[in-house]
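Working notes for the structure below.
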Amino acid sequence: MTLWGGRFSTKLNDQAWDLNSSLPVDQRMAIQDVDGSLAWANALHNANILSDEEHASISLGLGTVRGEFASGQFSFVPSDEDIHTAVERRLTELIGVTAGKLHTGRSRNDQVATDFRLWMLQAIPELDAAFKDLQTALLEQAEKAGETLMPGYTHLQRAQPVLLAHWWLSHFHPLGRDRERLADLTKRVSILPLGCGALAGTPVPVNRAELAESLGFAVPSPNSLDSVSDRDFAAEFLFCATMTGIHLGKLAEQIVLYTSAEFGFFELSDAFSTGSSLMPQKKNPDVFELTRGKAGTLIGMLTGLLATLKGLPSTYDKDLQEDKAPVFAATDTLLAILPVIAGALRTITPKPERMRNAIDSFMMATDLADYLVDKGIPFRETHSIAGKAVRAAGEKNVGLEQMPLEAYQALCPAFEADVYQVFDPLESVKRRNAIGGTSPKAVAMQIAECRSQNSK
Ligand code: ARG
C-alpha cells in the first residue's frame, strides 16, 4: 500500500524507493502523527464528513495504533514509505476501508509540518529541563566556592584575580540566554499547519482555530502556501542548539585547560574521565573534548539545513524532507551532552591552592594604578607609572610586592607605605563591587538572582 499509486503504470524502482523513503527518520514522529490524525478525524466529524460511527471507528483504531507505538508493539512493513503511510496502513488493517476517509482534505504536506512542530513542542521542554539541571550544577559549585580566588585571564594571559564563584556563574548566564531563546522559539513553533492541505488550503469546512487549540498550538497558520514550506522554526532551533554547543564548548575548553597538570585548577572525578590504551598514567577529559567537538558537528547541522532551504520556492518541495534528521540529531546531541557535563561538574574538585598560587602581584598592577587615582592623579598617568613599576620589577626579577618603597616613590612621590595593601588579591576582588563585578558582595547578589531565576 502506498498513498499515491493510481496514476502510475509500474511500481517505483527499488533504489528510488529507498531514496524516497523517509521512514527511518520520521518514525520518531509516530505518536505525533497519530495525535494529529485523531485531531483531524475530530475536525472531519465536526464538519459532517465523518459520520458518528466512522468517527468512532477511526478514533478507536487510531487509539490502538497509538498504543502499539507507545508499547513498542507496532511493526512496520516494507511498503511503509513514511510514518504517515504506516499509520494509515495499520489503521486500514484494523478498521477496514473507513480508514481511507481520514485523509480527506489533508495532505502529507500539512501533515508532516504539523507532526514536526508537535514533536518540537515536546522536545523543547525536555531540553529546557536538561539546561536547567546543568545551570543548577553550576550554581551549586558557585555556592560552594565561597571566597576562593582564581586568576582571571584575557588573551589567555594572567589579567586580574576573580572569585571562582564568579567564574562558575559566567557559564550559568549563557545557558540562561539559550533557555530564553528556546522559550521564545516556542511561539513560532506553536503555529498549526494542519488544514492547509497540499498548498492551497482545505476544502473541508474546518474550524482551524479549534483544531489548533485541540492539538496544543497557539494559532493556525495564516497562509497555506507559506505554511507548508515554512521551516524557519527548524533552522532557528538548530541555531539555538548550535549556540548552546558553542557555549558548552567554551566551558569545556576551560575545563580541559584547567585540569591539565600545567594549570591543575580542577581534578575530574574518575567517573567522568577516561584512560589511555597505551599510557597508564593518563586521565583524559574526553567528555569535555567531545562536547567541544560536537559544537562543530552542530554548526554543520545548522548550515546544512540553511543550505537546503536556500533557493527553494514557496510551498512544499521534497528537499524539505531533509529537515528532520539534523533537528533530531541536534536534540540527541544536546540531550547526550548536558547531563554528562552536569554530572562531571557536580563531581569535579577545585584546587583552591593551585588557583591562589597562580595569582601573582602583577595581576594587581591595575589596582596599583587605581591606588594613585585615589590620590587624585589621572588614570592615563597612573597607568604609565604602574607600567614602569612592572618593568622595574621584571628587570629585577621580583614581584611588585617585593619592590622597596623608595623604588615606588622614585616613580611617583604620591606612593606611601600603604601601597603594599593593593597586592592582596582578595582586596582587589573586593573593590570590584558594582553590579556584575567579582566582589564577594556582588557575587552573592548574583547567586541569589540566579537561584531565584532557576527556581521558576
Ligand atoms: N516524508 C515527507 C517529508 O518528510 C512527507 C511529505 C511528503 N509529501 C509529498 N508530497 N510527498 O517531507
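A short reminder: the numbers here are calculations on the coordinates, not readings from a lab. Note that the structure is predicted; figures quoted are calculated from it, not measured. Reconstructed Cβ throughout: ideal geometry from the backbone, glycine too, with neighbour counts over all protein chains shown.
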Does region 51-70 include one or more residues that are under 22 Å from Ala325 (Cα atoms), without any contact (Cβ under 8 Å) to a residue 40 or more places away in the chain and either more than 16 Å from the ligand (Cβ to nearest atom) or not polar (S, T, N, Q) (or both)?
yes
Name the residue, out of Gly300, Gly293, Gly275, Gly304, that is over 26 Å from Gly197 (Cβ atoms) and within 16 Å of the ligand (Cβ to nearest atom).
Gly304
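Condition check ((1) within 16 Å of the ligand (Cβ to nearest atom); (2) more than 30 Å from the chain's Cα centre (by Cα); (3) farther than 30 Å from Ala142 by Cβ; (4) of a type outside the set (S, T, N, Q)) across all residues:
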| residue | (1), (2), (3), (4) |
| --- | --- |
| Asp323 | yes, no, yes, yes |
| Phe328 | yes, no, yes, yes |
| Val340 | no, no, no, yes |
| Asp360 | no, yes, no, yes |
| Asp370 | no, yes, no, yes |
| Glu381 | no, yes, yes, yes |
| Gly394 | no, yes, yes, yes |
For Phe74, only one of the following conditions fails: (1) away from the ligand (no atom under 16 Å from the Cβ); (2) of a type in the set (Phe, Trp, Tyr); (3) in a helix (DSSP H, G or I). What is its number?
(3)
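A quick yes/no check of all residues on (1) crowded, with 23+ Cβ neighbours inside 10 Å; (2) not aliphatic (A, V, I, L, M):
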residue	(1), (2)
Leu121	no, no
Ala130	no, no
Ala142	yes, no
Thr148	no, yes
Tyr153	no, yes
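Report yes if some residue within region 115-124 is among the aromatic types (Phe, Trp, Tyr), within 16 Å of the ligand (Cβ to nearest atom) and under 16 Å from Leu215 (Cα atoms); otherwise report no.
yes
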Total residues in region 18-27, condition out of contact with any Ser or Thr (no Cβ under 9 Å at 6 or more places or on another chain) and in contact (Cβ under 8 Å) with a residue 24 or more places away in the chain
6
Members of region 403-428 found to be closer than 27 Å to Met150 by Cα and either touching a residue at least 24 places away in the same chain (Cβ under 8 Å) or within 48 Å of the chain's Cα centre (by Cα) (or both), listed by number
Val419, Tyr420, Gln421, Val422, Phe423, Asp424, Pro425, Leu426, Glu427, Ser428
